[in-house]
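Enquirer: Here you go, one structure.
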Amino acid sequence: MQTMKRWEVDVVVAEENEGDNARTWAEVGLMADDGTALRGHGMARKHPYDGDVPEIGEELAVSRALSDLSRQLRQVAAEDINDNTGNPWRPT
């Protein structure tokens, strides 16, 4: 028997500019079937001497937000393993 689940990740990206300074913020959200809801955050900063290529800031900010989300999901898994087995597991 095979089962399949779909988890969807929502990505929101925002950019703010103040003169030569630009920051890109990303927030990613995950809602699992069991009601687990997690949000990851990331930010990228444009160096004043860099060219104006917003896609790079978006890619960096989203990748950092996904990394944050990944860390949180590993922690949830570690807590679930501990709750179900009584043996602590520390994510690496």
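Enquirer: Please state which one of L60, L69, L73 is in contact with a Leu (Cβ under 8 Å, 6 or more places away or on another chain) and at pLDDT 95 or above.
Expert: Details: L60 fails: in contact with a Leu (Cβ under 8 Å, 6 or more places away or on another chain); L73 fails: at pLDDT 95 or above.
Being in contact with a Leu (Cβ under 8 Å, 6 or more places away or on another chain) and at pLDDT 95 or above holds for just one of L60, L69, L73, which is L69.
Enquirer: Consider only pairs whose beta carbons are under 7 Å apart and that are at least six residues apart or on different chains; among these, list those whose first residue lies in the range 34-54 and is within 14 Å of E18 (Cα to Cα) and whose second residue is assigned to a loop (DSSP other than H, G, I, E, B) and acidic (D, E).
Expert: That search, which allows pairs on different chains as well, returns P48/D20.
Enquirer: Cβ-Cβ distance below 6 Å, separation of 6 or more or different chains: which pairs start in the range 16-27 with a residue that is more than 14 Å from E55 (Cα to Cα) and open to solvent by less than 80 Å² (accessible area, probe 1.4 Å) and end on one that is part of a strand (DSSP E or B) and aliphatic (A, V, I, L, M)?
Expert: E27/V12
The values are calculated or read from the model by the stated rules, or taken from the named source; none is laboratory data. Note that the structure is a prediction, hence the values are computed from the model and not measured. Cβ sites come from the backbone with ideal geometry, for glycine too, and all protein chains shown count toward neighbours. Keep in mind that these areas ignore ligands, DNA and RNA; they rest on the heavy atoms of the full protein, side chains included. Shrake-Rupley method; radii C 1.70, N 1.55, O 1.52, S 1.80 Å.
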